[in-house]
1. For L171, which sequence-distant residues (separation of 5 or more, or a different chain) have an amide H within less than 5 Å of its own amide H, given hydrogens modelled in the peptide plane?
2. Taking each pair of different alpha-carbon atoms in segment 1-159 once, compute 1/r for the pair, average those values, and report the inverse of that mean as the Kirkwood hydrodynamic radius in Å to one decimal.
3. If each residue's Cβ is checked for other Cβ atoms within 10 Å, how do W147, W265 rank with the fewest at the top?
4. Once both labels are modelled 7 Å past Cα along the beta-carbon direction, what's the E156-Y196 spacing in nm?
5. Test of understanding: ordering R228, R109 by Cβ neighbours within 10 Å, fewest first, what list do you get?
6. Assuming R0 = 30 Å, can you tell me the calculated FRET efficiency for the pair L229 and S305, based on Cβ-Cβ distance, to the nearest 0.05?
7. With loop defined by DSSP as not H, G, I, E or B, and exposure as at most 15 other Cβ atoms within 10 Å, which is the longest segment of the chain clear of exposed GluC sites (Glu not before Pro)?
8. Mean-square fluctuation check for the chain, GNM, Cα pairs under 10 Å: which of R267, R324, R117 is largest?
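Just so it is clear, none of the values below were taken in a lab; they were calculated from the coordinates. This structure is a prediction, so every number in the text was calculated from the model and none was measured. Positions of Cβ are backbone-derived with ideal geometry, glycine not excepted, and every protein chain shown enters the neighbour counts.
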Amino acid sequence: MYKDLSVYIHIPFCVKKCNYCDFVSAPPEPGQLKAYADALCKEIKLSAAYADNFNIKTVFIGGGTPSLYDSSVMTYILDTLKSTFENRRRGSYIPEEVTIECNPGTLDRNKLSDYKRAGINRLSIGLQSADDKELKLLGRIHTYEDWEKSMKLARECGFNNINTDIISGLLGQTVESFEDTLKKVLAYSPEHISVYSLIVEEGTPFYETYAPEKLSKEEADKWEEEDRLIYEMTNRVLSKYGYDRYEISNYAKKGCESRHNMVYWRRGNYLGLGISAASLINDVRFANTDSFSEYIAAPYGSIKSKEVLTEDEKMSESAFLALRTSYGISCKKFYDDFGKDIHEIYAEAIKKWTESGMLIERDGRIFCSEKGINICNMIMADFVL
Ligand code: SF4
């Protein structure tokens, strides 16, 4: 009996590092692009053992900026994945969703047509803001117009499942300026919109200016309040335009939720390939090295961490990840998975948050109310055993 598997492929290269980014990504040095693609394909071939038990259901090529590569390389990587899982009488390669992250400014018609031919059926085109001044502040390589061109091209090339990322919470951003970004995005009707709050990470150029401790209390309070108002407005506007907030930061038109990301929130099996990529297979969590040289030298075998999850960890993850989604926790699934009634395990947390109206229990599900989703992190913390 085969299980479903989602595959994440990490591409650690970008044209230039953005000012707020702490992902494992950097501009490529000479020779690195080829060396990395070769190592990645080696790791894919060596992951053939998983084909004994798994069928690939979704693929997500993320980064970094995967679209920085020539499209023939993406074809080569996907073909390798396909032949590894398909040319056996065991597992199979039948992904329902294959996504690639792209940066405006790195796409052209040929590349997009090649993506289609390679089986990619979903694009995630990062915009972040429709205000060129904000894009400059963020250190992005593109303008709003570049994003518009990419969207038009993608539609012309037949892509009908597109996500766009936007960042809220920039200092100086207002509800009005963010609404302007939203409306400009909505003019192109992407099927999916992710709205992330800016996190000022230590070690980034942004941290030098916007570290929380560098702001006065008044500035910090105003910033937080504006971000809260932005989130409320976003919810209102996107719901009016037919988008469902199916996860804290993710909105989709009906049927266009990210199948790949749902696997993370439902604790399905996923295999991460490439530098720093994380995996969860049969309740064993492991992650590859962050070091480029280590990965190139041993693409299958440079695991930096591995842990077998305890029963408490599995229950905690199951509960708090599900609370991120609008569906919430299925009480029956929790019982089927763990043989325990969720009301016994989380009696206090469920009582506390349902009584305060932040959690709702209905039809065998426990989920965040509209108010609750805005303080989901606090609620989730009470579900960690
Ligand atoms: S494009 Fe994305 S991954 Fe690359 S530096 Fe910018 S934010 Fe980071």
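1. Long-range HN contacts for L171: none found.
2. Averaging 1/r across every pair of different Cα atoms and inverting gives 16.5 Å.
3. Least to most surrounded, the residues fall as W265, W147.
4. With each label placed 7 Å out from Cα toward Cβ, I get 3.0 nm.
5. R109, R228
6. Efficiency at R0 = 30 Å is approximately 0.15.
7. It runs 1-200.
8. Sorting by GNM fluctuation, first place goes to R117.
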